[in-house]
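The values are calculated or read from the model by the stated rules, or taken from the named source; none is laboratory data. From a predicted model like this one, the values you see are computed outputs, not experimental measurements. When we count neighbours, we look across all protein chains shown, and the Cβ atoms used for this are built from the backbone with ideal geometry, even at glycine.
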Amino acid sequence: MTTRFFGAPVKRNEDRKLLTGQALFIDDVELPGMLHAAFLRSHAAHARIKRIDVSRALQRPGVVAVYTADDYGAYWQPGPLLVPPPPIPRSIFNLRTQVPLAKDKVRHVGEPLAVVVAESRYIAEDALDDIDVDLEPLPAVIDLEAALRPGSALVHDDLGSNVSAHVHQSKGDYRAAAAKAHLVIKRRFAYEHGIASTIETRGVVAHWEARSQHMTIWDTTQAPVFVRNGLAAVLGLGERQVRVIAPFVGGGFGPKIMMFYPEEVALPWISMRLNRPVKWIEDRLEHFFATTHERGQIHDAEIAVTRDGRILGVKDVFLHDGGAYDPYGLTVPINSQCTLLGPYVVPSYDSTFTAVFTNLPIVTPYRGAGRQHGVFVMERLLDLAAHELNIDPAEIRRRNLIPADAFPYKNGIIYQDFSQLEYDSGNYEPVLDQTLQAIGYAEFKQEQEKLRAQGRHVGIGVACYVEGTGIGPYEGAKVQVQANGKVSVATGIGTQGQGHFTSFAQIAADQLGVDVTDVEIVTGDTDQFYWGAGTFASRGAVVAGNAVNEASRAVRQKALKLASDAFECAEEDLVLADGKISIVGIPEKFLSLGELAKRANPMRGAVKPGTEPGLESTQYFGPPSGATANGVHAMIVEVDPDTFDLKILKYVVVHDCGTVINPLILEGQIHGGVAQGIGNAFYEKLVFDDQGQLLNASLADYLLPTALEVPRMELGHTVTPSPLNPMGIKGAGEAGAIPVGPLFAQAIEDALQLKEKNVELLEIPLSPSRIFDLIKASEP
Amino acid sequence: MKPAPFKYIAASSLDHALTLKAEHGDEARFLAGGQSLVPAMNFRLARPAVVIDINGLDEVAGIDHGSTIRVGALTRYCALERDSEFLGCCALFADALPHIAHPQIRNRGTIGGNLSHADPASELPAIAVAMEARMRLKSARGERVLAASEFFQGSLTTDLAADEMLVDVEFPALPPRGGVCFMEMARRRGDFAIAGVAVIVTLDMEGRCSKVRLALCGVGDTPVDASEAAAPLVGQACADEPIKAAAAAIQATIEPAGNVHASADYQRHLAGVLAQRAIRTAYQRAVHAA
Amino acid sequence: MQPDRHEISISVNGTAYRRSVESRTLLSDFLRHDLLLAGTHVGCEHGVCGACTVLLDGAPIRSCLMLAVQANGHELSTIEGLASDSGELSPVQRAMHEHHGLQCGYCTPGILMTMTAFLKQNPSPSEEKVREALSGNLCRCTGYQHIVDAVMAAAQAMRAAAP
Ligand SMILES: Cc1cc2nc3c(=O)[nH]c(=O)nc-3n(C[C@H](O)[C@H](O)[C@H](O)COP(=O)(O)OP(=O)(O)OC[C@H]3O[C@@H](n4cnc5c(N)ncnc54)[C@H](O)[C@@H]3O)c2cc1C
Ligand code: FES
Ligand code: FES
């Protein structure tokens, strides 16, 4: 096989449609007779529902139906547990999943109470005002610590507490490590991650065709197969009666994975009831409450180190804000727990978390999915230790990196995919070296003195991370050569901009000797590919990519076999290139792939036993466990010492995600991740009051970074292939976003020499105002 | 996020617009650039029964250069940005316009809509106050002229009566030996200011300040006229001590409330920092002009 | 209350349309759902994200902040009109493809329209100017770097092609 495309910066196949306005997004679906839905949402975070009266709404011209929880009858069921908790001994997990429409009680602002169906979205919104709702307010559970005190109001009354989960994991003997340590540093850290805030909001279109007894659902989901299976079950339909299509999706980053959101559950049911297609497009205001968040954790953490800065152990006790329901099991906090260990040798670790129910929107994974929180704690602990021990921050990291000969490296605790956390491969020190080189670490330290003398406040930060990627269970792909010679590849995952149309095409094109533009990828349509899990946890390229590779290889074998029969020669004497198979040295004697495809589907004669018609193959790939990518970010900032505004002067990322399929797409993934990391670190903050009201529910006040806040980034990479899959690839979807918080904290502290002022930045997000307030609070 | 129903009328003349407004009063809103009104309607925070579109009224658009500069209410930001004569005379606008939203919004938003909307965090109300602009209000009953400082009554509240329209704004030209500066801090470029300062310093023949006008945005319910607090600068050349003292006096006069982006303490701090920087720059520009 | 409706005539990408619209219909909805020109996207409906940017008589504006009835008598340009009739991409479209300036592509229509107008006015922009001009368009996927690269490259290509 020649690798013409694999590893090359191939331009994307999907671009043309997107650049000319021809790509189909959810709100572009227009069907004759289509109705429009709008949801009445709770304005209270916690309240008992006394009465909902929809009679006035029903009278409004253009309104077709209004439904509340009571109308659902037996259809009303709490959502499924999406990710079961890993089997960690003695852990507690209290499952409470979201309900399709609130009944008895509302548990967060924005929880839907009723749905209006009307001839237009405008009218549906008018009718929301006609619904009379009587809510009896209850005390809102917002503060994590207060939520756990006896006597706190309860999000779920029957539970008796607000504990969603409690998990303890450990390795080694932390207590002994702390006892013999030269230094133990203990701090409280607060890390808040925000919302994914894709530029396209969510949406669902459901179309029940009574005559064919068939349901088509267009959904902004990252996991169409999973959604189909779930919806078919609740609707009482066979899976073959339901087709879920994830069209072009305008960004995913986690919250669009597979929530079984109330709207996803409502629309198909409504369409069946009314026998008409129905559309719901989330508006931006709804998006702030109705789409899941990722939010805060509070860590009380300590690190025990030797005199020369070697880690002896880490202890961490943390609280995790889970929001009103916990359909994702332990996914987010367990990522925090596992990823905290980072690329370092940590001989003993003692970590306990309590996930807490609050009267706030549901927390589910958003790019990074809890990894940020853990990385922040570890990186900050190392900074504090470096300062105390008078060791350079980059140096203390180097001393603790897992050595290259220690892989595969067992971490001794259990990860989100149920397996023991084990790093498959890695070579960490060169990544750190390359980063320091690229940012000009040594030179900067000298330059900094000069600039300080001129009154300029510049600082540098360096932060390391690992990222568990490419977890199972599996993905599949069906590769088929069509009679026109074009190759079609179908997989079950959805795509939200990751370039799957191109990277999968590269893999297939190389195996089948065709041009990358001759490979058509179908993703996200359950009728085209029946099985699969979805695009999340940086797994699309790894898991589905390998399945595409396997299936393409099988088709290649079939083609060669057919040609060798036709030419009556050995397969070794054949070459597959430029869409045809020819005999070595006799290029004029060839069969095109299209011709072979036709021959593989003969109109006469029998298909031989043990063979199948068609030049096609379906193969599956399931990695035994996740592949671990790693990287280092470094940044130089200048801070205005009076306004505390900052400017990023230089930003470097060096990472290792194994073998790279398409460096152009990879760069894009890293850039986008860093931009989200910058938003998280310094701009984006969900501001709730103590009643659970979000005070900045608009894009004017929830600050996504623009082209002026995101700097030019310099990227480098090293390649340590993963042994866990034949192509050696590791995921890269989240790497850019993970370590940006600690980088900001470190660089700002350095720029403003905050250590000398006894100011420590132990929280994210930061802002000019927050830095000012912290400095002011530290002044006597 | 779709607007509630309303009746739309495109006004064919100023008189038509004023007659309509007299008829519908508070039930009606003028639609100028729509860059504040339409978002508010999409959020259903504003639900006018009648929308009077004044975009066709060329008679209230445009810039008139005379001894004073008269700017029609319907003049769009982009027209101000492109008029170099205007930016020369009203140099505070040259500093401030790039801070207002983004090019797409500046292509629609109007000066009259901005001032009538009276967002206390907006740049232009503070500039109007600093420049001692005079606002001409018209209704079917007649017309009156108000000083900018009287026009702004509170957050999103002006002295406009239910039947009145702001038709133009008159700005005095920059005096000789005058220097100006507008500075603000926002979280991102184009966002409303956390705090902003507009200053006009006029120098005497000796290079001392003979008059100072200073107003702030973002730190109160209205644009804050802090010229009195800055008055000790009069008689002073550009020097650290008096500028610091003026900034301290300005900080003492304002009562910022804090918001989701900034604590009140930080806003006050920032007002002082920006005041110092802006006053210094205004001095320097005045010296340059002289 | 009977819906308040108006007859409007507008031209979009050179094609004339006459339609009756309810006065509250946003221009973005009118383009997308009445004219079925769905290439213009909607991300926020309060003027911040920029996905809905179209050209009104050549100047970029937010179509979510304008009523369709206000566009009566005006000329609009949208993403559907950027490529030539034969399907050849415009220089900005082409550069976005070559520099991987789009991922999910949801912000792309607004960015293409904004930058098309910008480059007409600013044939030789600095990177800083490009970033300023881009600041009214949010992109959650790309981190902007490849978009900036694309715009700079498009500017160069357009200069090279200019007579
Ligand atoms: C994303 C975004 C960012 C923004 N950032 C900023 C910013 O940083 N700084 C800033 O200052 N502004 C900002 N704005 C607001 C923008 O400047 C508005 O254009 C301006 O505030 C209103 O002007 P308009 O012409 O669009 O008025 P409209 O929205 O049409 O009207 C605003 C109000 O004024 C009334 N009105 C309009 N004209 C008149 C008149 N002549 N007489 C009486 N009443 C009238 C209307 O009835 C309405 O109540 C931003 C807007 C957006 C969407
Ligand atoms: S949809 Fe118009 S600016 Fe976001
Ligand atoms: S490419 Fe997805 S928002 Fe820009």
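Quick notes on this structure:
- Among the candidates B:Ser13, B:Ser36, B:Ser67, residue that is facing chain C (nearest Cβ under 10 Å), touching a residue at least 40 places away in the same chain (Cβ under 8 Å) and not charged (D, E, K, R): B:Ser36
- Hey, B:Val51 at pLDDT 95 or above, within 11 Å of ligand 1 (Cβ to nearest atom) and surrounded by 23 or more Cβ atoms within 10 Å (Cβ to Cβ) or not: yes
- Region B:119-149 - residue that is touching a Pro at 6+ places or on another chain (Cβ under 7 Å) and within 19 Å of B:Arg70 (Cα to Cα) and, of those, surrounded by the most Cβ atoms within 10 Å (Cβ to Cβ): B:Ala126
- Taken over region A:705-740, the residue count meeting the criterion of being of a type in the set (A, V, I, L, M) and crowded, with 24+ Cβ neighbours inside 10 Å is 8.
- Residue in region B:43-61 that is away from every other protein chain (no Cβ under 12 Å), outside any loop (DSSP other than H, G, I, E, B) and either of a type in the set (S, T, N, Q) or out of contact with any Asp or Glu (no Cβ under 9 Å at 6 or more places or on another chain) (or both) present: yes
- Residue match in region C:2-10 (condition: part of a helix (DSSP H, G or I), facing another protein chain (nearest Cβ under 9 Å) and not aliphatic (A, V, I, L, M)): no
- Tabulated pairs, region C:82-99, first within 11 Å of chain A (Cβ to nearest Cβ) and at negative phi, second outside any helix (DSSP H, G or I) and among the charged types (D, E, K, R), C-beta under 7 angstrom, 6+ apart or interchain: C:His97/A:Lys11; C:Glu98/A:Lys11
- When residues of region C:34-52 are limited to those that are within 14 Å of C:Thr78 (Cα to Cα) and touching a Lys or Arg at 6+ places or on another chain (Cβ under 9 Å), the one nearest to the other protein chains (Cβ to nearest Cβ): C:Gly39
- Filter result for A:Arg367 (at pLDDT below 95, of a type outside the set (Ser, Thr, Tyr), out of contact with any strand residue (DSSP E or B) (no Cβ under 7 Å at 6 or more places or on another chain) and not assigned by TED's automatic domain parsing to the domain that holds A:Gln222): yes
- For beta carbons closer than 7 Å, sequence separation of 6+ or different chains, a first residue in region A:629-657 that is more than 30 Å from A:Leu341 (Cα to Cα) and a second that is of a type in the set (Phe, Trp, Tyr) and not in a strand (DSSP E or B), the qualifying pairs are A:Phe644/A:Phe772.
- Wholly within region A:601-682, strands (runs of 3 or more DSSP E) carrying at least 3 residues that are buried (at least 24 other Cβ atoms within 10 Å of the Cβ): A:627-639, A:646-656
- So C:Thr108, is it surrounded by 22 or more Cβ atoms within 10 Å (Cβ to Cβ), within 16 Å of ligand 1 (Cβ to nearest atom), at the interface with another protein chain (Cβ under 7 Å from one of its Cβ atoms) and in contact (Cβ under 8 Å) with a residue 12 or more places away in the chain: no
- Among (1) closer than 15 Å to A:Thr201 by Cα; (2) within 16 Å of ligand 3 (Cβ to nearest atom), the one test that C:Gly39 misses: (1)
Per-residue answers, yes or no, for (1) of a type in the set (Ser, Thr, Tyr); (2) under 29 Å from the mean Cα position of the chain (by Cα); (3) more than 14 Å from chain C (Cβ to nearest Cβ):
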residue	(1), (2), (3)
A:Tyr174	yes, no, yes
A:Phe189	no, yes, yes
A:Ser212	yes, no, yes
A:Gln222	no, yes, no
A:Leu231	no, yes, yes
A:Pro247	no, yes, no
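- Among (1) more than 18 Å from A:Ile199 (Cα to Cα); (2) within 14 Å of the chain's Cα centre (by Cα); (3) away from ligand 1 (no atom under 16 Å from the Cβ); (4) not in a helix (DSSP H, G or I), the one test that C:Asp85 misses: (2)
- C:Val21 being within 13 Å of chain A (Cβ to nearest Cβ), assigned to a strand (DSSP E or B) and more than 10 Å from ligand 2 (Cβ to nearest atom): yes
- In this structure, A:Thr720 does not satisfy being of a type in the set (Ser, Thr, Tyr), assigned to a loop (DSSP other than H, G, I, E, B) and free of Cβ contacts under 8 Å to residues at least 60 places away in the same chain.
- Every pair of residues 6+ apart whose Cβ atoms lie under 8 Å, when the first sits in region C:35-60 and is assigned by TED's automatic domain parsing to the domain that holds C:Thr25 while the second is among the aromatic types (Phe, Trp, Tyr) and within 16 Å of ligand 1 (Cβ to nearest atom): C:His46/B:Phe43
- Residue-level check: of (1) within 16 Å of ligand 2 (Cβ to nearest atom); (2) assigned to a loop (DSSP other than H, G, I, E, B), C:Ile61 misses just (2).
- B:Ala173 being in contact with a helix residue (DSSP H, G or I) (Cβ under 6 Å, 6 or more places away or on another chain), at pLDDT below 95 and surrounded by fewer than 23 Cβ atoms within 10 Å (Cβ to Cβ): yes
- The test for being within 21 Å of C:Gly58 (Cα to Cα), assigned to a helix (DSSP H, G or I) and more than 11 Å from every other protein chain (Cβ to nearest Cβ) holds for C:Arg159.
- The strands (runs of 3 or more DSSP E) falling completely within region A:428-519 that include 3 or more residues that are assigned by TED's automatic domain parsing to the domain that holds A:Glu616 and at pLDDT 90 or above map to A:475-481, A:487-491.
- A:Glu200 meets the conditions (1) buried (at least 21 other Cβ atoms within 10 Å of the Cβ); (2) among the charged types (D, E, K, R); (3) away from ligand 2 (no atom under 16 Å from the Cβ) in every case but one. The failed one is (3).
- Residue in region B:149-163 that is within 10 Å of ligand 1 (Cβ to nearest atom), at pLDDT 95 or above and not hydrophobic (A, V, I, L, M, F, W, C) present: yes
- Residues that are part of a loop (DSSP other than H, G, I, E, B) and within 15 Å of ligand 2 (Cβ to nearest atom) within region C:108-147 comprise C:Ser135, C:Gly136, C:Asn137, C:Leu138, C:Cys139, C:Arg140, listed in sequence order.
- Scanning region B:54-102 for residues that are farther than 26 Å from C:Gln70 by Cβ, buried (at least 22 other Cβ atoms within 10 Å of the Cβ) and among the hydroxyl-bearing types (Ser, Thr, Tyr) gives no hits.
- Listed by position, the helices (runs of 4 or more DSSP H) contained in region A:14-112 that have at least 3 residues being in contact with a helix residue (DSSP H, G or I) (Cβ under 6 Å, 6 or more places away or on another chain) are A:15-19.
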